[in-house]
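One structure below.
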Amino acid sequence: MHKTTDTSADWDLYRYFLAVIECGSLSAAARRLLSTQPTVSRQITRLEAKLGTSLFTRSPEGLVPTEAALRLCEPAQAMASAVAAIQRSARDDGEEGSLRITVPEVIGVEVLTPLLAEFQTDNPGLRLELSITEHNEDLLRREADLAIRMQRPQQDALLARGLGRSRLGLYAHRNYLDRHGTPNTRDALAVHRLIGYDRHLGRHAHWQEHGFPLSIEDLAFRSDCAMARLAALRAGLGIGLCHASLAAQESELVALAPELFGFELEMWLAIHEDQRQRAGLRRLFDFLAEQLPQSLQLESSIRY
């Protein structure tokens, strides 16, 4: 491909580029963008022409980013964060503003969304954006206004409040246990149908970190989607981890002996310290600081 020096591609092209990078295929990117596969393909071709380099090669596994594409990821993501921040700032008008919240998947769907309905009843002028994701959106880059995290934020510029600890343990649908029996030892547990992560090795490491050397290949049902894993538990596909407070609301889920396996995760709220004077954001922060520990029955060992 002929090299050029034109790097003036507009944001829309980079938006398509990031979708393809994150989704791994033109068709998946098209679904995310509510577009079509030919349109996505044309936009990628336009960006490649403007930059004078190839960004993807095809393989049996899908589109593979080139070295040039990998180098482009970080500045393109920074551009996406900047555009999102500009859009939020343009929409914010005193009390009639927009608040973006980033939260892990299960907490966002099962716990936070009902709470937000209550909050918005008392704050009808605020628009809420919910980013449900397993990775942490960067508050420092203004990718979100408020974060709910399952580990303590480390950046000095963040105002964080510890809410407590959530216990995760092993559960199974009672129909599964009726068919396969209830394991009482680690050895017995290891031969059961277990539910866990698919390709997210970092998250899967919870098993090893807490003394159960289980490889991903040993799992009978694998998904990096937290709601899919919860659905698998509810459907009786096997034994898996669940927040104790959520499982307590499921009459058909049975807790296995705590000594088999389990651990605790801290829950934190965080906002950027520069945003603390935003009245709507502060109200949301204080509301969630009060309601989340109650909804999740958090142990209060880190709360302050």
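The values are calculated or read from the model by the stated rules, or taken from the named source; none is laboratory data. From a predicted model like this one, the values you see are computed outputs, not experimental measurements. All Cβ positions, glycine included, derive from the backbone under ideal geometry; neighbour counts span all protein chains shown. Surface areas here come from the heavy atoms of the whole protein model, side chains and all, with no ligands, DNA or RNA. Shrake-Rupley method; radii C 1.70, N 1.55, O 1.52, S 1.80 Å.
Looking at segment 211-230, can you tell me whether even one residue there is of a type in the set (Asp, Glu) and within 25 Å of Pro293 (Cβ to Cβ)? Within segment 211-230, not a single residue is of a type in the set (Asp, Glu) and within 25 Å of Pro293 (Cβ to Cβ).
Considering only residues in segment 259-283 that are out of contact with any Gly (no Cβ under 6 Å at 6 or more places or on another chain) and in a helix (DSSP H, G or I), the one that is least open to solvent (accessible area, probe 1.4 Å) turns out to be Leu281.
Selection of segment 219-238 for residues being over 18 Å from the mean Cα position of the chain (by Cα) and free of Cβ contacts under 8 Å to residues at least 40 places away in the same chain yields Leu219, Ala220, Phe221, Ala232. Contact map, segment 61-73: residues that are over 21 Å from Trp11 (Cβ atoms) paired with residues that are open to solvent by 50 Å² or more (accessible area, probe 1.4 Å) and among the basic types (Lys, Arg), Cβ distance under 9 Å, separation 6+ or inter-chain. Pairs shown: Val64/Arg58. Of all residues in segment 102-125, those that are closer than 17 Å to Arg282 by Cα have Cβ atoms under 6 Å from Cβ atoms of residues that are at pLDDT below 90, 6 or more apart or on another chain, in Thr102/Ser131; Thr102/Glu137; Thr102/Ala144; Gly125/Glu95; Gly125/Glu96. Of all the residues that make up segment 207-225, how many are within 21 Å of Val109 (Cα to Cα) and out of contact with any strand residue (DSSP E or B) (no Cβ under 9 Å at 6 or more places or on another chain)? So the answer is 2.
Each row is one residue, and each column tells you yes or no for (1) part of a strand (DSSP E or B); (2) open to solvent by 60 Å² or more (accessible area, probe 1.4 Å).
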| position | (1), (2) |
| --- | --- |
| Thr113 | no, yes |
| Glu118 | no, yes |
| Thr121 | no, yes |
| Ser131 | yes, no |
| Tyr176 | no, no |
| Arg179 | no, yes |
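Among the residues of segment 206-240, those identified as assigned to a helix (DSSP H, G or I) and among the charged types (D, E, K, R) are Glu209, Glu217, Asp218, Arg229, Arg234. Against the criterion of being over 21 Å from Arg165 (Cα atoms) and more than 22 Å from the chain's Cα centre (by Cα), Asp198 does not qualify. When restricted to residues that are touching a residue at least 40 places away in the same chain (Cβ under 8 Å) and among the polar types (S, T, N, Q), segment 239-276 contains 2. Leu163 meets each of the listed conditions (1) outside any strand (DSSP E or B); (2) surrounded by 18 or more Cβ atoms within 10 Å (Cβ to Cβ); (3) at pLDDT 90 or above; (4) not hydroxyl-bearing (Ser, Thr, Tyr) apart from (1). Scanning segment 277-302 for residues that are touching a residue at least 24 places away in the same chain (Cβ under 8 Å) and out of contact with any strand residue (DSSP E or B) (no Cβ under 7 Å at 6 or more places or on another chain) yields Arg278, Ala279, Arg283, Phe287, Gln291, Ser295, Gln297. Tallying residues that are of a type in the set (D, E, K, R), at pLDDT 80 or above and surrounded by fewer than 17 Cβ atoms within 10 Å (Cβ to Cβ) within segment 194-224 yields 4.
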